[in-house]
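Values in this text are rule-based calculations from the coordinates and carry no lab data. Fair warning: this is a prediction, and the values are worked out from it, not measured in the lab. Don't worry about glycine lacking a Cβ; one is built from the backbone with ideal geometry, like all the others, and counts go over all protein chains shown.
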Protein chains: 4
Amino acid sequence: MMVIMKSGYSQEEMDQIIQRLDEVGLKGHQIVGVERTVIAVVGSIYPELGDELETMDGVASTVRISSPYKLAGRETKPEATVIKVGNVEIGSGKTVFMAGPCAVENEDQMMETAKAVKEAGAHVLRGGAFKPRTSPYSFRGLGVEGLRLLSQAGKATGMPVITEVMSVREVDVVAEYSDILQIGTRNAQNFMLLEEAGRTGKPVLLKRGLASQIEDWVLAAEYILNTGNPNVMLCERGIRTFETATRNTMDINAVALIKEISHLPLIADPSHGTGKWSLVKPVALASIVAGADGVIIEVHPNPDHALSDGAQSLNFKRFRELIEASRVIADAVDRPLWPAAAEAAPA
Amino acid sequence: MMVIMKSGYSQEEMDQIIQRLDEVGLKGHQIVGVERTVIAVVGSIYPELGDELETMDGVASTVRISSPYKLAGRETKPEATVIKVGNVEIGSGKTVFMAGPCAVENEDQMMETAKAVKEAGAHVLRGGAFKPRTSPYSFRGLGVEGLRLLSQAGKATGMPVITEVMSVREVDVVAEYSDILQIGTRNAQNFMLLEEAGRTGKPVLLKRGLASQIEDWVLAAEYILNTGNPNVMLCERGIRTFETATRNTMDINAVALIKEISHLPLIADPSHGTGKWSLVKPVALASIVAGADGVIIEVHPNPDHALSDGAQSLNFKRFRELIEASRVIADAVDRPLWPAAAEAAPA
Amino acid sequence: MMVIMKSGYSQEEMDQIIQRLDEVGLKGHQIVGVERTVIAVVGSIYPELGDELETMDGVASTVRISSPYKLAGRETKPEATVIKVGNVEIGSGKTVFMAGPCAVENEDQMMETAKAVKEAGAHVLRGGAFKPRTSPYSFRGLGVEGLRLLSQAGKATGMPVITEVMSVREVDVVAEYSDILQIGTRNAQNFMLLEEAGRTGKPVLLKRGLASQIEDWVLAAEYILNTGNPNVMLCERGIRTFETATRNTMDINAVALIKEISHLPLIADPSHGTGKWSLVKPVALASIVAGADGVIIEVHPNPDHALSDGAQSLNFKRFRELIEASRVIADAVDRPLWPAAAEAAPA
Amino acid sequence: MMVIMKSGYSQEEMDQIIQRLDEVGLKGHQIVGVERTVIAVVGSIYPELGDELETMDGVASTVRISSPYKLAGRETKPEATVIKVGNVEIGSGKTVFMAGPCAVENEDQMMETAKAVKEAGAHVLRGGAFKPRTSPYSFRGLGVEGLRLLSQAGKATGMPVITEVMSVREVDVVAEYSDILQIGTRNAQNFMLLEEAGRTGKPVLLKRGLASQIEDWVLAAEYILNTGNPNVMLCERGIRTFETATRNTMDINAVALIKEISHLPLIADPSHGTGKWSLVKPVALASIVAGADGVIIEVHPNPDHALSDGAQSLNFKRFRELIEASRVIADAVDRPLWPAAAEAAPA
């Protein structure tokens, strides 16, 4: 850590800072520059140190130097993490498709969608049973019945399933039915939920918060990793910006940067990232090319009758077109699609 | 709701939309403009309708017309909500001060701070027992022991207390010790927690999410109100923007706008809203003038030794100066300080 | 336009609004909904109308229905605009590369870079002569001498050139030396400059403003189109958000959306969009896949000695790798690279 | 400057950096920490150095330590800058009101408004002659005729006047008619305009850019100061964020922070900062309390007939109420209103 002194600090102020560092077992080296004096702090920095020092007289600001990640960074583990779910490997260098309806609505819708996405080439089945909705007056999901229908459709088609868990109270029941636990964007810094999900040992897909900086997001992953569960995927699903023409702003830089700084798999969610079905295909392809290990797509038999997020859902035909276009692109960047579920595990 | 048609839509597309509206019991009136045709939808609109219609052919976009609020809006309840906590009334037209350390650290720190803020004129005692921290390696609070110390300090000084609840699992124990339940910014859309907190019947202070639009925030309050608990305060604590010179951007417009659109009390949090102790005083005063019913301030005996948020905490002297300056300002805008706890309930 | 009335408006307020519309030659149709009453305004809406009506008593808000674009939208001109510059066509369905140093520094640097990017396969040569710099104490470009060196290098290698014009005063001299005029992000709403650049008749590349919504950006293009100059390219170069891990946030959604709503060519600038050379390649590829008609890349013989934007510049080897990877991707999406300048026009 | 090395850098990489620093006359001191090694660079750092070093192998990032301001900072000039315009002093510790219509529309409107705002207590008369408008199809001002009408109204009422200059070409004519030159938010980084405006020697009011960080904004002021013109006022007028309930987000933190870091006067513009007339009063008062040296307010005889920005303009009655409320507040914070123009210079 670097402590940047105000111009015109007093010797007494400097002494107090050096003494304070000494109290907590750290060493401070003074560096006198042309305009500014800086103290380089050496030793085991703890997270609160910066805040503490910034309240001391004479201090202009502090700058953290060391990486805040202990487990998620490439520096500590250069090789990519590969997560096995059923017959599918995520992060292996092959591109994975997760698809299904935003919300599980009933048995027919779920089963019909499962068959359609599997046939098109999807590997993992998604479907929401517990739905976080901005308004309490919106449809909030079927709950456990939704979990049951999702799991049943997954088994019938030979696909592992993924669904969101919204509260520590539902962690156990979701883990019972689902192969992957999804943490949604509104719970991206619900730290108790992160830890509970981590403790199940099941793979966790962690969506980025609407206002999470990349550092916040990877630190949230550390909460899960820190429980001893290494199976964490990061999911870029768009951030909130001033742009209103799209529902969110898909951060394509983050897709590329995560693959550079972290060994964890990165899944792109262009359905939420754009909020507009016509943009899902170009942005899904772009994400694959930028480095995503997979994509997660909302698919619905009749998007105009969907109980949730219809505007960003693909119908079956459009999903087939997306997967065909992705195949070409994924081959071109040498990260071909994972063998289709159809081939790997017949229903 | 208005459905805006694409230029060049076909009659068949129009017919299908009108029919779809008919299916769900709504009436569509066509309005042909110079450039665009619009369908005005009349009837009981449900939240998903816009999304559904936007996937239909011929539709350019939809615009919701009716207010999304059923309980929090001034339109349904013009008179201000006043919340009674102990001897203090929040939202009464008198200005309330909540103060205390970011985190409860030990008995001495808590008791010393409680006495100091009470003497200075504070009405409600704050203190964090469960701390949401961006990094899992930061100090995360004393938990139930922290609740106990906070409650004890509140009783000793005759002040009601407020503390954060981070998970549905802790709702009961927090409600046992605390007079007000605080929902933090990272849980601002943790809807299950909102409902659980609401069900306790205790007053709830709901912080705005880092990326919550004012509408999201008031809808989150609806989750609590919808449980039958009318005692909700909204807390503006800064939003995340591109500005990095301050930790967050205090949205002073929101302070004024909330008082215009909602009957709920508004508490300003300039400690988090600025992240810099030297800005706490001017921004606290500004918030009172803009319409806040109260402010919540981080105060610590030795900010440079605080285990959390030292950089934005006031020491006792600075807190006394703040409250003296606030007294003058609050009188000037005719929303004087609530009588000091000292006068209302001797320790 | 729709005028949304406050609940509880009076008949007198309604009458005044209808009368006001009548004064300006518009017709207002009342639509009484379950919760709200709305006035649909029919006729030639002018841009200020919304603001005017929103100040009238009884009005809650107004919503514009018609498209704000007269010239840039797909609705008025469905076929793509193709811009010819020298032997290169931009927007033709083939992918174009513009490359060169951020700033022209001297004859050797400019000529060496021109040769290298041409050999690698670039089509248009870029180079900054007038440099907008955040600090007045940074290097601000060689001015007219820079224009001369750029033009000379373009001629020597048979490539058309592009450079930024920062002020109405330099429009003529820049137009004398450069084949394309670039409007930078800081001048994205410098409307007088837009019009002056438009009046030269030369192709104009219009960068998106740091805080420009897509609508602002396309309306800025209307300023140029409105001078009678149809040769406008839009350039996505990243927007400013809360994320600080990258210099800007490349808005990949905007790349796809612009191609949907406008007939103008779209050029992606991953150098500024990321601010980090290691991200330039993945984000350039992603942009091509998402629909960009071309990319513009900063290339420098020795990025670590560059006088401007070194951190985001590619050296020659990395640029060659980028263009080879792009070739594969561009073929895969059936928008192959435009024939190399080398083939089209030997130096 | 601090150069932070990647973990696992090689000695050769370190040597090259030290040598590079040596080439440009700087000294690098190595500091080996527990996790990271850092090079402290001592000497006259130039603005491009960080970018250059970040492209070198082995470098993770760089951190600038010294202040980027040479002229605008409190560190170099602790005492407040006071700007005299006519009989009015801005930055003197007394609060100043600037008021008038968004756009000059005709002689009657201008004169009537001038008389009304003067009578209410305003000190400086504003009025737009050259109007930057997002759409080229909006009213763009009367140009020189507008300048003439504004100047005439100022003289008739004894108030100095302020108006926007949009282009280097109009600097002279605007300076001929206006006492203060205003640089608008869209030209906040139009550096050539900043310098031209500076060279007139007239006071300049510099609005913050929609996406300007505080540092960008103060550096833009340096462009003006660097021409030898010390008479620069900074104007906070709201930034662009994700919030859409208000037109912009007034950054009240910035008002307080600017007064801490800079000696320049700060003017608040709650009309643009909120975009909603009903919020102008509370946010104006808040700005004064937070430290603003003055406010600038849009006032129009009939906001619902205004040719520009009607929704955020006050009518005469509301302006009088604002100024009366401000008087009380300004007295309470001991920065009373500057003596009314009426008293200082009878018309």
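Which of B:T95, B:T113, B:T37 moves most in a GNM of chain B, Cα contacts under 10 Å?
Comparing B:T95, B:T113, B:T37 in the GNM, the peak value goes to B:T37.
Could you tell me what percent of the DSSP beta bridges with both partners in the protein assembly as shown are antiparallel, to the nearest 5? Walk me through the intermediate numbers first.
Working: 74 of 182 bridges.
Looking only at bridges with both residues in the protein assembly as shown, the antiparallel portion is about 40 percent.
What are the ³J(HN,Hα) couplings of segment C:170-177, residue after residue, when phi is run through the Karplus curve with 6.51, -1.76, 1.60 and θ = phi - 60°? Round to Hz, x for glycine and proline.
Listing the rounded values in order: 9, 4, 5, 5, 5, 5, 5, 9 Hz.
Could you pull out every residue, at least 5 positions away or on a different chain, whose amide H is within less than 5 Å of the one on C:I297? Hs are placed 1.01 Å off N in the peptide plane, and Pro or chain starts have none.
Those lying under 5 Å, H to H, from C:I297 are C:M98, C:A99, C:G100.
Treating only the Cβ atoms of Lys and Arg (+1) and Asp and Glu (-1) as charged, compute the dipole magnitude of segment A:83-344 about its Cα centre; round to the nearest 20 debye. Intermediate values should be presented prior to the final figure.
Details: 27 positive and 31 negative charges, 51 e Å.
So the magnitude is around 240 debye.
As I understand it, the value is the acute angle between the Cα axis of helix D:107-120 and the longest principal axis of the Cα atoms of chain D; what does it come to in degrees, rounded to 10?
It is inclined by approximately 80 degrees.
Please report A:D108, C:D293 as a ranked list, fewest other C-beta atoms within 10 angstrom at the top and most at the bottom. Show your work: numbers first, answer last.
Details: A:D108 10, C:D293 30.
The most exposed by this proxy come first: A:D108, C:D293.
In a shell of Cβ-Cβ distance under 9 Å around A:V280, excluding A:V280 itself, what net charge do Lys and Arg (+1) and Asp and Glu (-1) give? Don't skip to the end; give the middle numbers.
Numbers: positive: A:K276, A:K281, A:R318; negative: A:E298.
Summing Lys/Arg as +1 and Asp/Glu as -1 gives +2.
Dipole of segment B:45-106, Cα-centred, from +1 at each Lys and Arg C-beta and -1 at each Asp and Glu C-beta, to the nearest 20 debye? Don't skip to the answer; put the middle values down first.
Values: 6 positive and 9 negative charges, 113 e Å.
The dipole of segment B:45-106 has a size of about 540 debye.
What list of ³J(HN,Hα) couplings, whole Hz, do you get for segment D:204-215 from phi and the Karplus terms 6.51, -1.76, 1.60, once you set θ to phi - 60° and write x for glycine and proline?
10, 9, 9, 6, 6, x, 3, 10, 7, 5, 3, 5
Report the Stokes-Einstein translational diffusion coefficient (µm² s⁻¹, integer) for segment C:83-344, Rh taken as the Kirkwood radius over Cα pairs, at 10 °C with viscosity 1.306 mPa s.
Numbers: Rh = 17.8 Å.
In µm²/s, the coefficient is 89.
Could you identify which residue out of C:T134, C:T200, C:T163 has the top mean-square fluctuation in a GNM of chain C using Cα springs shorter than 10 Å?
Largest GNM mean-square fluctuation: C:T134.
Tally Lys/Arg at +1 and Asp/Glu at -1 over every other residue whose Cβ is under 13 Å from the Cβ of C:L125; what's the total? Spell out each step's value before the answer.
Details: positive: C:K115, C:K118, C:R126, C:K155; negative: C:E112, C:E119, C:D179, C:E298.
Net of charged neighbours comes to 0.
Skipping prolines and chain starts, which residues have an amide H placed within reach, meaning under 5 Å, of the one on A:R74, given they are 5 or more residues away or on another chain?
A:S262, A:H263
Please tell me which of these pairs span more than 31 angstrom C-alpha to C-alpha: A:K276/C:K317; B:K77/B:K131; B:K276/D:K281; B:K276/D:K202; A:K84/A:K317? The partial results should precede the final answer.
Details: A:K276/C:K317 38 Å; B:K77/B:K131 35 Å; B:K276/D:K281 26 Å; B:K276/D:K202 35 Å; A:K84/A:K317 29 Å.
Listed pairs above 31 Å: A:K276/C:K317; B:K77/B:K131; B:K276/D:K202.
Taking every residue in D:157-168, how many Cβ atoms of other protein chains lie within 10 Å of its Cβ, on average?
Details: counts 0, 0, 0, 0, 0, 0, 0, 0, 0, 5, 9, 7.
What the average comes to for D:157-168 is 2.
Taking the number of other C-beta atoms within 10 Å as the exposure measure, put B:E89, A:E79 in order starting with the fewest.
A:E79, B:E89
Which of rounded, prolate, oblate describes segment D:56-159, given a ≥ b ≥ c as roots of the alpha-carbon gyration tensor eigenvalues and a/c under 1.5 marking rounded, otherwise prolate only if a/b is larger than b/c?
Values: a/c = 3.98, a/b = 1.66, b/c = 2.40.
Here segment D:56-159 falls in the oblate category.
In degrees, nearest 10, range 0 to 90: what is the angle between the Cα axis of helix B:11-23 and the longest Cα principal axis of chain B?
Approximately 60 degrees, to the nearest ten.
Compute the angle between helix B:277-290 and the longest alpha-carbon principal axis of chain B, please, reported from 0 to 90 degrees and rounded to the nearest 10.
The angle comes out near 60 degrees.
Amide H of B:T163: which non-local residues (sequence gap of 5 or more, or other chain) have their own amide H closer than 5 Å, using H built in the peptide plane?
Close amide H contacts, sequence-distant or interchain: B:I180, B:Q182.
Binning at 10 angstrom from zero up to the longest distance, how are the C-alpha pair distances of segment B:2-63 distributed in percent?
23, 63, 14
What's the center-to-center distance, using Cα atoms, between segment C:1-73 and segment A:167-220 in Å?
Cα centroid to Cα centroid, the span is 46 Å.
How much mean residue ellipticity at 222 nm does the protein assembly as shown get from its helices, if each DSSP H run of length 4 or more adds -39500 (n - 2.57) and you divide by all residues, to the nearest 500 deg cm²/dmol?
After summing the helix terms and dividing by the residues of the protein assembly as shown, the value is -10500 deg cm²/dmol.
So what are the ³J(HN,Hα) numbers for segment B:130-146, from phi and the Karplus equation (6.51, -1.76, 1.60; θ = phi - 60°), rounded to whole Hz, Gly and Pro as x?
Coupling constants for segment B:130-146: 10, 10, x, 10, 4, 9, x, 9, 8, 5, 10, x, 8, x, 4, 4, x Hz.
Counting Lys and Arg as +1 and Asp and Glu as -1, what is the net charge of the other residues whose Cβ lies under 13 Å from the Cβ of C:R335? Provide the component values of the computation, followed by the final result.
Working: positive: C:K94, C:K259, C:R327; negative: C:E89, C:D293, C:D331, C:D334.
So the environment of C:R335 carries a net charge of -1.
About the Cα centre of segment D:2-63, what is the dipole size in debye to 20, counting +1 per Lys and Arg Cβ and -1 per Asp and Glu Cβ, all else neutral? Let's see the in-between values first.
Details: 4 positive and 11 negative charges, 56 e Å.
Charge dipole, segment D:2-63, about its Cα centre: 280 debye, nearest 20.
Taking the Cα centre of segment D:2-63 as the origin and placing charges on Cβ (Lys, Arg +1; Asp, Glu -1), which of D:V32, D:L53, D:V3 is farthest toward the positive end of the dipole?
Farthest towards the positive pole: D:V32.
Say we join alpha carbon atoms closer than 10 Å with springs in a Gaussian network model of chain A; which of A:E236, A:E23, A:E195 then has the biggest fluctuation?
Maximum among the listed residues: A:E23.
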